[in-house]
Amino acid sequence: MTALAVGQGVLREQRAAEIDAILARYPEGERRSAVMPLLYLAQHLYGHLGQAAVEEVAGILGISSTQVGSLIGFYSLYHDRPGGKVRMQICTDLPCALRGAEAFARDVCRNLGVRLGETTPDGLITVEEVTCLAGCDRAPMFQVQDETGIHYREGQTVETALAWVDEVRRSYGQD
Amino acid sequence: MGKTERVLLRHRDIPDLDRLDTYLAHGGFAALRRTVTTKSPQEAIDVVKTSGLRGRGGAGFPTGVKWSFLTPDVFPRYVVVNADESEPGTFKDREIMERNPFQLLEGVALCAYAARASTAYIYCRGEFWDLAAELEARIGEMRARGFLGRNLFDTDFSLEIFVHLGAGAYICGEETALLESLEGKLGQPRLRPPFPAAKGLYGLPTVVNNVETLANLPPIFERGADWYRTIGTKDSPGTKVFSLSGNVARPGNYELPLGTPFRTLIFEHGGGIPGGKKIKAILPAGASAPILVATEEVLDTPMDYESLPNVGSMLGSASIIVIDDSVDIAWVALKTTRFFKHESCGKCTPCREGTYWMLQVLERLHDGPNAGGQVDLLHAVARGIEGKCLCPLGEFAIMPVTSGIERFRADFAAHESNGR
């Protein structure tokens, strides 16, 4: 991803059609409802949600940057600081843990040389622990959060997870 | 009803039911057309009341009664679908939306007609990103075929359905927190009353129903309330999708009549406990209900809204987590408490501070050093939270802890005696 100048209307410029489509879903006078979809758009464009991105979203909606910024700490899928290009979010909640998810997370981390919450030295993958993802019957499982959205990978073993890591490294040209 | 007839997970019997043509070929949207063209909204509410359908999100409140609380003569009104499925161990709404989406969407339309709403939002947890994109595509197909838009079936009923993504917050499954979130605010519960039926989305009358609840509507309108009442029990009619997980051979969703005993689900359908181990405990509603000791009496208890309280728990969202005899219940309490502490929205003090302190004591028990008396302290902290929270999350948070200590005390005490 190329570094973009955050703020100064870049989001509005580059994603005008999507922004209009999002705003059209909500009644006149209730534009604030569009804040969460717009935050996803901004995060996918900039990689994370810094203060300038927050102000840009606030400006589009005509609400204060505090009203926007408070959401980022509250909702766990928004990130206020840069991480890896790809976030590997492993569910270790009770149902998954009963099916080996804690050992899975530990072994994945050991193989990647990181601790939970850390990013691989190449800056590509941040490994995180998350709460229940509604994939309990296909544990161990994780979700992948990247600039295209969020995608599930279920019924995993350490081997399949590491094969996925290789795939990600290849696709980002870092093999 | 034959054991195998599925009302909700029909896609397991009908391949490609997620395609509109297949759904139409199997009677799809006939119930909607007939209801909109021949029944008044009040008659539609009466059908649902008569069916005895109870909300499948966890509370089990009668759906038709909930609709009848809408403030009269105030418009516009909204229908909001709770698709924030986040209870640990619950993955039923996801299967319905992924594999039988049009049955949900037809249910949304039936609900909107009864509620006299012309806009519906499906609030999907953000993690269901791919699913939500598919759902939006299905909504587009519906519109293209004349099942959404203005003046449906040449009546004055109009409807648009939109998908709205959350962003990772369990609390948004609580209906007033969900409405706050949909309005673009922090997902924190509102004081009630007023309830959403009086002042919901944007302060207007709103029906909030769970995905599975709404997916029940097309079959109820198609085959009638009397037929529906032949399934399940007198007080809990219909089938339920039970999400089975944990230490069980065949985890997954199982659609069975309400009133089916735990034993049938866990041993017949789920294949029992693997690895030569024995069943020790059952969490019948994910993390949000007291833990049951898996006695013979409990295993023979019918899984319905009225029977679970008799053995000291609740049906909730019917996400059954099975625990075998190798598992330490103090660790189960640690896991559920860590979950609730993470998910507490921070609005009310008993939950925000209480989940923090419960976790402190539980971590001390597990990691040491501890000076003894920790189990009683933990119990006292939990009891101190009880009955004082703004919403059910705080009340749920203590249930695995108090029931764990009261029913599996030895598991907790073992940590105390081992404390460094």
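We did not get these values from a lab; they are worked out from the coordinates using the rules stated. The model shown is predicted, which means the values in this text are computed figures rather than measured ones. Note that we place each Cβ from the backbone using ideal geometry, even for glycine, and neighbour counts take in every protein chain shown.
Contact order for the stretch B:10-229, expressed relative to its length and based on alpha carbon pairs under 8 Å spaced 6+ residues apart, stands at 30 percent. Across the alpha-carbon set of the stretch B:239-324, the Rg to Rh ratio works out to 0.91, Rh being the Kirkwood radius.
Annotation for B:K277 and B:E183: the two label points, set 7 Å from Cα along the Cα-Cβ direction, are 4.6 nm apart. First measure r as the distance between the Cβ atoms of B:A380 and B:V74, then evaluate 1/(1 + (r/R0)^6) with R0 = 45 Å and state the FRET efficiency to the nearest 0.05. Result of the calculation: an efficiency of 0.45. Less than 5 angstrom separates the built amide H of B:T119 from those of B:V79, B:E160, all sequence-distant by 5 or more or on a different chain. Using alpha carbons only, the radius of gyration of the protein assembly as shown set against its Kirkwood radius gives Rg/Rh = 0.96.
Report summary: the helix-based calculation at 222 nm, which adds -39500 (n - 2.57) for every DSSP H run with n ≥ 4 and divides by the residues of chain B, gives -12000 deg cm²/dmol. For B:K240, the amide hydrogen comes within under 5 Å of the amide hydrogens of B:L256, B:L258, counting only partners 5 or more places away or on other chains and with H modelled in the peptide plane. With R₀ fixed at 25 Å, the C-beta to C-beta distance from A:H48 to A:E118 puts the FRET efficiency at about 0.95.
Taken about its Cα centre, the stretch A:1-147 carries a charge dipole of roughly 160 debye when the Cβ of each Lys and Arg holds +1 and the Cβ of each Asp and Glu holds -1. Mean separation of Cα pairs under 8 Å and 6 or more residues apart, divided by the residue count, gives chain B a relative contact order of 16 percent. In this rough spin-label picture, where each label sits 7 Å from Cα along the Cβ direction, the B:A144-A:R170 distance is 3.4 nm.
Using a simple spin-label model with pseudo-atoms 7 Å out from Cα toward Cβ, B:D154 and B:D46 lie 2.6 nm apart.
Mean separation of Cα pairs under 8 Å and 6 or more residues apart, divided by the residue count, gives the stretch B:329-417 a relative contact order of 39 percent.
Under 27 Å between alpha carbons, and skipping anything fewer than 8 positions from B:K66 in its own chain: which lysines qualify? Correct list for B:K66: B:K39, B:K49, B:K92, B:K185, B:K199, B:K234, B:K240, B:K347, B:K388.
For chain A, the longest principal axis of the Cα atoms and the long axis of helix A:65-74 meet at an angle of about 10 degrees.
If you rank B:S288, B:S236 by fewest surrounding Cβ atoms within 10 Å, what's the result?
Listing B:S288, B:S236 from fewest to most nearby Cβ atoms yields B:S236, B:S288.
Restricting the calculation to Cα atoms, chain B shows an Rg/Rh of 0.99 when the hydrodynamic-style radius is the Kirkwood one. Please give the FRET efficiency for B:K234 paired with A:E13, using the beta carbon to beta carbon distance and R0 = 56 Å, rounded to the nearest 0.05. With R0 = 56 Å, the Cβ-Cβ based efficiency is 0.35.
Cβ crowding within 10 Å ranks A:L41, B:L110 as A:L41, B:L110, fewest other Cβ atoms first. Derived scalar couplings between HN and Hα for the stretch B:19-28 equal 9, 4, 4, 5, 4, 5, 5, 9, x, x Hz in order, rounded to whole Hz, by the Karplus curve 6.51 cos²θ - 1.76 cosθ + 1.60 (θ = phi - 60°), x for Gly and Pro.
Among B:Y202, B:Y121, B:Y78, the largest mean-square fluctuation in a Gaussian network model of chain B (Cα springs under 10 Å) belongs to B:Y202.
Classify the stretch A:86-171 from the C-alpha gyration tensor, please: rounded if a/c falls under 1.5, else prolate or oblate depending on whether a/b exceeds b/c. Let's see the in-between values first.
On the way: a/c = 1.65, a/b = 1.39, b/c = 1.19.
Taking the square roots of the gyration eigenvalues as a ≥ b ≥ c, the stretch A:86-171 is prolate.
Summarising the amide proton neighbourhood of A:E129: residues at separation of 5 or more, or on other chains, whose placed amide H is nearer than 5 Å comprise A:I90, A:G117. Projecting the Cα atoms of B:G89, B:L390, B:G286 onto the charge dipole of the protein assembly as shown (Cβ charges, centred on the Cα centre) puts B:L390 farthest toward the positive pole.
Just want the ordering: A:T148, A:T131, B:T63, from fewest to most Cβ atoms lying within 10 Å of their own Cβ.
A:T148, A:T131, B:T63
For chain A, the mean residue ellipticity at 222 nm estimated from helices alone is -12500 deg cm²/dmol, where every DSSP H run of n ≥ 4 contributes -39500 (n - 2.57) and the total is divided by all residues, rounded to the nearest 500.
The angle separating the long axis of helix A:35-46 from the principal Cα axis of greatest extent in chain A is about 70 degrees. Shape class for the stretch B:344-420, computed from the alpha carbon gyration tensor (a ≥ b ≥ c): prolate, with a/c not under 1.5 and a/b above b/c. Per q in 0.16 Å⁻¹, report the Debye log10 I(q)/I(0) for the stretch A:1-111, using one uniform scatterer on each alpha carbon and no solvent. Scattering profile of the stretch A:1-111, log10 relative to I(0): -0.77. Please list, in order, the residues from the stretch B:90-119 whose amide nitrogen is less than 16 Å from a point placed 7 Å along the Cα→Cβ vector of A:E30. Backbone N within reach: B:112-113, B:115-119.
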